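Everything on this sheet refers to the single structure shown next.
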Amino acid sequence: MKKVDISKKILSENDKYAFENILFLTERKKLCLNMISSPGSGKTSILARTIIDLKDKIRIGVIEGDIQTDIDAERIRATEAPVVQINTEGACHLSAIQISKALKELPVKNLDLIFIENVGNLVCPSAFELGEAGKIVVLSVAEGDDKPAKYPAIFAKSKALLINKIDLLAGGQVDFDIERAKADAGKLNKGIEIFPISAKTGEGMTDWYGWLIKAVEKNKVQQ
């Protein structure tokens, strides 16, 4: 009796659609970044502030992934950026076929950058390629500085690490060693760019914006 590895079959099917997404984005010279984190890290707050602050420099659209509700999508809509909502109905990650459908709903020709805000989870989303140009991992100081060591896969695969909510460090409200988190992430990924930020106060966001602008410009030239 022939055995079928279901997980390999699922990933193989996903990779087929991921490749189609790569072609779709490459042909249109559009940069797509997949933002991944635990729930409550501040992904949506980061995206909303980024969209507003860069509205005169980068045209941004968002594919919003959630298990249920469109609460985060509504926050993005309030910035006047185009957004497509995907509810996974229990799945812990977005799939490439879902992104394929969402890309066709966005006004892609009018955008420079597409963010995928993945379902809140540091494990499942790291295993599924969506056709993005890179992954962005978000870690809030409230989660603890041991996350790169405990969840190495996503930190090893990401182009950038945003250490969010650093405003909580000033009053000693949380115990978080930024240098430890940086060092552990750097051991896993020598090329990872690290930005300590606060989406609430705006601290550190300028460096993040500079990196994004360069990434968009580089993508246009390479393609």
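Rule-based calculations on the coordinates, nothing more; no lab input. Predicted, not measured: the structure shown is a model, and the values here were computed from it. Note that we place each Cβ from the backbone using ideal geometry, even for glycine, and neighbour counts take in every protein chain shown.
With the convex hull built on the Cα atoms of the stretch 147-223, state its orientation-averaged projected area in nm². Averaged projected area of the stretch 147-223's Cα convex hull equals 5.8 nm². Measuring spread by the Cα atoms of the stretch 24-93 yields a radius of gyration and Dmax of 12.7, 37 Å. Debye sum, Cα scatterers, the stretch 30-222, no solvent: what log₁₀ I/I(0) at q = 0.09, 0.12, 0.17 1/Å? Log10 of I(q)/I(0), two decimals: -0.30, -0.54, -1.14. Pull up the cross-link candidates among the lysines for Lys200, meaning alpha carbon to alpha carbon under 20 Å and not fewer than 8 places away within one chain. Filter leaves Lys43, Lys55, Lys165.
Decide, for the stretch 1-121, between rounded, prolate and oblate: order the square roots of the alpha carbon gyration tensor eigenvalues as a ≥ b ≥ c, take rounded if a/c falls under 1.5, and otherwise choose prolate if a/b is larger than b/c, else oblate. It comes out oblate by the Cα gyration axes.
For the stretch 30-222, DSSP calls about 0 percent of its internal beta bridges antiparallel. Cysteines in the chain that lack a partner Cβ within the 4.7 Å cut-off: Cys32.
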